[in-house]
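Scroll down for the structure; my scribbles are underneath it.
Nothing in this text is a laboratory measurement; each read-out follows from the coordinates by a stated rule. What you see is a predicted model, and the numbers here were worked out from it, not measured in a lab. We place every Cβ from the backbone using ideal geometry, glycine too, and count neighbours over all the protein chains shown.
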Amino acid sequence: GVVPLTSALSSSKIYKNQAKSYDEKIFYGINARHGKLIENDQIIDYISNKIY
């Protein structure tokens, strides 16, 4: 389902001080549901560009 925005943005409290770098991005649309993330071309492109 949909991850509440407050829940998604709270990750910064966990990772921000422990990670070398940290980014947040909000995705909208029908395929932005949690279970569809690996099928969403917009998300796949975003992650690919971050890694490579």
Ile14 being among the β-branched types (Val, Ile, Thr), surrounded by 12 or more Cβ atoms within 10 Å (Cβ to Cβ), out of contact with any Leu (no Cβ under 6 Å at 6 or more places or on another chain) and in a helix (DSSP H, G or I): no
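Here is a yes/no grid of residues against (1) in contact (Cβ under 8 Å) with a residue 24 or more places away in the chain; (2) surrounded by 10 or more Cβ atoms within 10 Å (Cβ to Cβ); (3) not in a helix (DSSP H, G or I):
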residue: Thr6; (1), (2), (3): no, no, no
residue: Gly35; (1), (2), (3): yes, no, no
residue: Ile38; (1), (2), (3): no, no, no
residue: Gln42; (1), (2), (3): no, yes, no
residue: Ile47; (1), (2), (3): no, yes, no
